[in-house]
Every structure is written in structure tokens, then in C-alpha cells.
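Undergrad: The structure follows.
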Amino acid sequence: MKAIRLFEKKPVLSFEVFPPKPNVPIESIYDTLDNLHDLHPDFISVTYGAGGSVPGASTAEICETIMQKHGIPAIAHLPGINETKESVLEKIAVFQEKGIENVLALRGDRNPAIEPKNDFRYAADLIAFLREHGDFDIAAACYPEGHPEAPDLDTDILHLREKVDAGASHLISQLFYYNPDFYAFREKAAKAGISVPIEAGIMPVTSKKSIERMVSLCGASIPNRLAKLMARYSDDPASLKAAGLEYAIMQILDLMDNGADGIHIYTMNNPDVARYIMEQISGEPRI
Ligand code: FAD
């Protein structure tokens with residue numbers, strides 16, 4: 001199913017998972033999917049790492065399992081920075097063979113150790129290419145606080161509009177912890193003529209280490225309230241996790257109250273966290 005159709009019902013609730021790292025057994029991702037199954041997300045998106053993936057658990061293979069075994073729509077992430085037109089055509093053929101209809105088209109992060117191929121300098125180039133060479137529903141990334149390389153949010157939103165004009169039918173946001181940033185971004189995007197659905201990306205704080213790593217990677221800011229929680233429970237991981245989950249639930253409920261088109265939960269392959277959140281936001285036990 002094309003993911004854009006899911007937005008006919010609002011809000012869409014979706015998950016992100018990632019292929020296992022080389023030192024992790026490949027079965028772990030399939031166990032994670034078994035445990036996410038009965039949470040009935042509207043779709044699950046699968047990331048694509050710069051270093052490729054472990055044989056047997058590539059982005060495309062995981063998407064195939066999500067669709068065929070679990071009956072859940074899947075979105076395959078595809079960063080273009082290290083791809084050539086030929087390699088993307090090969091990936092398109094694999095997606096088509098596996099029945100993958102949805103792609104999250106990205107530029108990908110620059111890696112100083114890898115010379116970027118210049119076929120897809122920006123995500124918009126990849127979106128246009130995918131439109132031309134396949135019949136995919138294409139999503140793109142957006143950044144409520146602006147992409148770290150952009151000079152300012154307004155400029156970033158101009159480039160976001162280029163992705164929509166190139167054919168992105170919906171957007172999934174970078175994680176953020178301060179909802180007013182998302183609302184201000186959404187308003188600016190609308191003023192810039194962006195009218196496609198925008199899902200809010202939520203990554204629950206489950207440990208001090210994970211949040212510090214993510215925030216340093218993506219540049220999301222930590223509002224005072226969350227900073228205080230993290231300081232209060234800095235020596236108490238269990239309480240920090242509980243407080244982080246409550247914070248995420250409050251964020252999600254507020255987003256739903258404020259008409260968010262969708263909530264995309266960065267599950268970090270942790271079904272327990274996803275389950276707890278889904279139970280709390282629906283008020284129903286998920287067994
Ligand atoms: P773009 O939209 O191309 O933007 C990148 C920068 O270039 C921005 O600063 C933008 O303002 C600027 N820009 C765009 N067009 C122009 C132009 N014409 N002229 C000048 N400047 C321009 N990375 C992965 O490697 N694998 C993943 O699976 C993955 N999944 C992600 C999922 C989500 C929901 C998000 C939000 C990010 C994900 N990323 C992933 C990270 C992403 O690859 C990085 O954030 C990357 O740095 C930017 O990708 P983009 O597609 O947003 O790039």
C-alpha cells in the first residue's frame with residue numbers, strides 16, 4: 001500500500017527500525033518485528049546505513065518481511081550521497097522485485113572518510129530520479145529546528161519545498177523535544193506553500209548516553225524541563241527511563257491535540273518502549 005493513503009486517517013502512527021549492526025545477530029531484527037506486530041503501527045520504516053547492511057537483514061529484506069509476514073506497510077530509507085544513478089537503478093529493481101512501494105528519499109550524512117558521488121547532491125535530486133524511474137510513493141525528511149548545515153530555518157524550508165515540488169508526498173521530521181518548535185516549523189512550512197502531511201518524529205529518552213549521542217548527531221536542542229529531568233536522574237537509569245517515557249507520551253498527546261498529521265516513533269529496535277507508549281497514548285493494553 002502507498003503510505004500517502006494512510007494519511008486519509010489522522011493521525012498516522014508509525015515506527016522506525018534499523019537493520020542490525022554487524023556485531024548483533026540478524027535474528028534480533030526479526031524478533032523485534034514479531035514483538036512490534038500486535039501494536040498495529042500504520043507503517044514501519046527501515047533505515048539504511050552508510051556502511052550497507054548485514055546479509056539477510058538488508059533494508060529491502062526487512063521491508064519485505066514487514067509487508068509479507070506482518071501485513072504492515074513498509075518504507076525503505078534510501079540515502080543518495082554515496083550512490084550513482086546505476087546503483088540506484090539496481091536498488092529500484094530490488095525494491096520492485098520485493099514489492100516495496102514506499103521510499104524515504106534522503107541525501108544522507110556526509111562522511112569525511114568517503115568521497116561523495118555527485119549524482120545525487122541533494123535529496124531533491126534523488127526524489128526526481130525515483131519519480132522518473134519507478135512508481136513509488138516518496139517521503140522526505142524535514143527538520144523542525146532546521147537542518148544543521150542550513151544557514152537558517154527559512155532557507156532550509158525553501159529547500160524542503162524543492163523536495164515536495166520534486167515529488168515527495170509526505171514528510172517525516174527529525175526528532176525534537178520541544179513541541180512549540182514543531183508548531184512554528186509547521187506554520188512556516190505552510191506559509192512556504194508546503195501542504196503535504198508532516199509526521200512528527202519522537203525519540204523517547206531511555207538513557208543518558210543514547211540521548212547525548214543522538215543530540216550531538218542531529219543537533220536537536222534539549223528544553224529546560226527535559227534537561228532538569230536528566231540532571232535529577234543522572235545516577236538513576238531506571239528513573240530516567242521512566243521519566244523519559246512519560247516526557248515522550250506528554251509530547252505525543254500534545255501533538256495529537258494540536259492536529260499533528262502523524263507521529264513517527266524512533267523505536268531504536270526496542271519493542272517494549274514502543275509498546276509502553278502505544279498503551280499509554282491509546283489507553284488500551286497491547287497484549
Ligand atoms: P537534503 O534535503 O538534501 O538537505 C541537506 C542539506 O542541504 C540541508 O541543509 C538543506 O537545506 C540543504 N540543501 C538542500 N537542497 C539544497 C540546494 N539546492 N542548495 C543548497 N543547499 C541545499 N540518514 C541515513 O544515512 N540513513 C537513513 O536511513 C536516514 N534516515 C533518516 C530519517 C529521517 C526521518 C531523518 C529526519 C533523517 C534521516 N537520515 C538518515 C539522516 C539524513 O540523511 C541527514 O539528516 C542528512 O544530513 C540530510 O538528509 P536530507 O535528505 O534531509 O538532505
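Undergrad: Among the residues of the stretch 113-125, is any touching a Lys or Arg at 6+ places or on another chain (Cβ under 9 Å) and among the aliphatic types (A, V, I, L, M)?
TA: Checked the stretch 113-125: at least one residue is touching a Lys or Arg at 6+ places or on another chain (Cβ under 9 Å) and among the aliphatic types (A, V, I, L, M).
Undergrad: A further question on this structure: Filter the stretch 169-185 down to residues that are in a helix (DSSP H, G or I), within 19 Å of residue 266 (Cβ to Cβ) and free of Cβ contacts under 8 Å to residues at least 60 places away in the same chain and give me whichever is most open to solvent (accessible area, probe 1.4 Å). Step through it out loud before you land on a result.
TA: Residues of the stretch 169-185 in a helix (DSSP H, G or I): 179-185.
Checking the rest, the ones that are also within 19 Å of residue 266 (Cβ to Cβ) come to 179, 181-182, 185.
This time we only want the ones that are free of Cβ contacts under 8 Å to residues at least 60 places away in the same chain, so: 181, 185.
Values: 181: 45, 185: 2 Å².
Ranking the qualifying residues of the stretch 169-185, first place goes to 181.
Undergrad: Please find, among 112, 116, 148, 144, the residue that is open to solvent by less than 10 Å² (accessible area, probe 1.4 Å) and either without any contact (Cβ under 8 Å) to a residue 12 or more places away in the chain or more than 30 Å from residue 68 (Cβ to Cβ) (or both).
TA: Working: 112 fails: open to solvent by less than 10 Å² (accessible area, probe 1.4 Å); 116 fails: open to solvent by less than 10 Å² (accessible area, probe 1.4 Å); 148 fails: open to solvent by less than 10 Å² (accessible area, probe 1.4 Å).
So the residue among 112, 116, 148, 144 that is open to solvent by less than 10 Å² (accessible area, probe 1.4 Å) and either without any contact (Cβ under 8 Å) to a residue 12 or more places away in the chain or more than 30 Å from residue 68 (Cβ to Cβ) (or both) is 144.
Undergrad: Can you pull out the helices (runs of 4 or more DSSP H) entirely within the stretch 198-287 that have at least 1 residues that are touching a residue at least 40 places away in the same chain (Cβ under 8 Å), more than 19 Å from residue 18 (Cα to Cα) and open to solvent by less than 20 Å² (accessible area, probe 1.4 Å)?
TA: 224-232, 237-257, 271-282
Undergrad: Identify the single condition in (1) near the ligand (Cβ under 10 Å from one of its atoms); (2) within 28 Å of residue 61 (Cα to Cα); (3) not in a loop (DSSP other than H, G, I, E, B) that residue 157 does not satisfy, given that it satisfies every other one.
TA: Going through the list (1) near the ligand (Cβ under 10 Å from one of its atoms); (2) within 28 Å of residue 61 (Cα to Cα); (3) not in a loop (DSSP other than H, G, I, E, B), residue 157 breaks only (2).
Undergrad: Next question. Looking at the stretch 31-48, which of its residues are open to solvent by less than 50 Å² (accessible area, probe 1.4 Å) and not hydrophobic (A, V, I, L, M, F, W, C)?
TA: Correct list: 32, 38, 41, 42, 45, 47.
Undergrad: In the stretch 49-86, which residues are among the small types (Gly, Ala, Ser), at pLDDT 95 or above and loosely packed, with under 13 Cβ neighbours inside 10 Å?
TA: Residue satisfying the conditions is 71 alone.
The values are calculated or read from the model by the stated rules, or taken from the named source; none is laboratory data. Keep in mind that this is a model prediction, so the values were computed, not measured. All Cβ positions, even for glycine, are placed from backbone atoms using ideal geometry, and neighbour counts span all protein chains on display. Remember, those area values only see protein heavy atoms, side chains included, never the ligands or the DNA or RNA. Shrake-Rupley method; radii C 1.70, N 1.55, O 1.52, S 1.80 Å.
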